[in-house]
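A short write-up of the structure that comes next.
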Amino acid sequence: MSDQPPSAPYDALLLLSFGGPEGPDDVVPFLENVTRGRGIPRERLKEVGQHYFLFGGVSPINEQNRALLAALRADFAANGLELPVYWGNRNWAPYLTDTLREMAAAGHRRVLTLATSAYASYSGCRQYRENLADALAALAGEGLPVPRVDKLRHYFNHPGFIEPMVDATVTALSELPEEVRPKARLAFTTHSIPTAAADTSGPAEGHGDGGAYVAQHLDVVRTIAAAVRERTGVDHPWDLVYQSRSGAPHIPWLEPDICDHLEEVHRAGAAGVVMVPIGFVSDHMEVRYDLDTEATAKAAELGLPVARAGTVGADPRFAAAVRELVLERAATERGERPVRCALGALGPSHDLCPVGCCPARTPRPAAAGADSPYA
């Protein structure tokens, strides 16, 4: 019998997230990091940052990542998986490069990455891979050992992601007035992205209208809606809608926007709506502001009852799913054929992003893929 640990050849897990400000003085510097290279004036960033200032300049995302980090460590320890877990952000402390520098100094040479984005797209996958390549290049430039970094497959249809969302949807339905519940609509929400980015999401052979981004979300919607029907005995009508658009007005983005959608279904006589944020791992700012503040205010203006389902966050089932994904990928790297859990019609995603997957407008090196310069 082998004396290798079950996570071999990997010796660490990196939780990689977006990051967010943790006080009023952080807001504009954080937004400067997010928009670097776009030439947006500082005064404009102050305007954009108003929704952060409404919450004291603190994004909930970092605290939620701390909770997820703790949940992962607890789950690993409880199941005998001796794999250290680190955390790094793209746009705020703890910064990705600093974390990888710490990991390299600790002797880690094979690192698995969990990105807090479940779906295929440039901004949700390849941009994280580009940031990894930038950080690894910085380590190489400093003469430090450069670990090999791989990325866990997309987990949008893993039971540990889907099942907490089913529970959250049923709970949110129960929060609507009793007379409204049987006729309530489900509005599954995710981050809007440019239609051009959606069309080229996923492997090149699947590029087309909406690409993998829309297809994956629709698969999740159908899976959750079917489970809710089984749990409640009610076949709730559903829609896939979008939120958090941030681009120039002349560039087409995925629609309809959640607020426009609420107006539309209200005109059509909807009794109530449950907003289900399937595009987000945790209740960070784009959920707290765009849904809990803006969309909820729009519903109140319309006199339309709404409730909002929670996100997966640090749910123990999600932490267990991450452990399963780690062990699955490790076994695959060892040449084994592990069971690959997935619900819905699409099946498990690829382990290695192929060349041409979710391309950038301007090509840049990206780690953890078939085209990685750090294989």
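Read-outs: derived from the displayed coordinates by stated rules, not from any lab. As the structure is a prediction and not an experimental result, all values here were calculated from the model. Here the Cβ positions follow ideal geometry from the backbone for every residue, glycine too, while neighbour counts run over all protein chains shown.
The Ala226 and Cys341 beta-carbon pair, evaluated with R₀ = 22 Å, returns a calculated FRET efficiency of approximately 0.80. Calculated from the structure at hand, Rg and Dmax of the Cα atoms in Å is found among [x] 20.7, 66; [y] 20.2, 63; [z] 22.1, 68 as [x].
Loop-only GluC sites (Glu not before Pro) in the stretch 1-92, please: DSSP not H, G, I, E or B, and at most 11 other Cβ atoms within 10 Å. Mind dumping the intermediate values first?
Numbers: sites: Glu22, Glu32, Glu43, Glu47, Glu63, Glu82; in loops: Glu82.
In loop regions of the stretch 1-92 (DSSP not H, G, I, E or B), the sparsely surrounded GluC sites (Glu not before Pro) are Glu82.
Distance from the Cα centroid of the stretch 126-173 to that of the stretch 245-269 is 28 Å (rounded to whole angstrom). Per residue, the chain reaches -12000 deg cm²/dmol at 222 nm when only DSSP H runs of four or more residues are counted, each adding -39500 (n - 2.57).
Sorted by mean Cβ packing within 10 Å, highest first, what order do the peptides 171-180, 125-134, 246-255 take? Write out the running numbers ahead of the final one.
Values: 171-180: 14.7, 125-134: 22.8, 246-255: 11.9.
Descending mean neighbour count gives 125-134, 171-180, 246-255.
A simple count of charges around Glu263, restricted to other residues whose Cβ falls under 12 Å of its Cβ and scoring Lys, Arg +1 and Asp, Glu -1, yields -2. Taking the longest Cα principal axis of the chain as reference, the axis of helix 258-267 is set at about 20 degrees.
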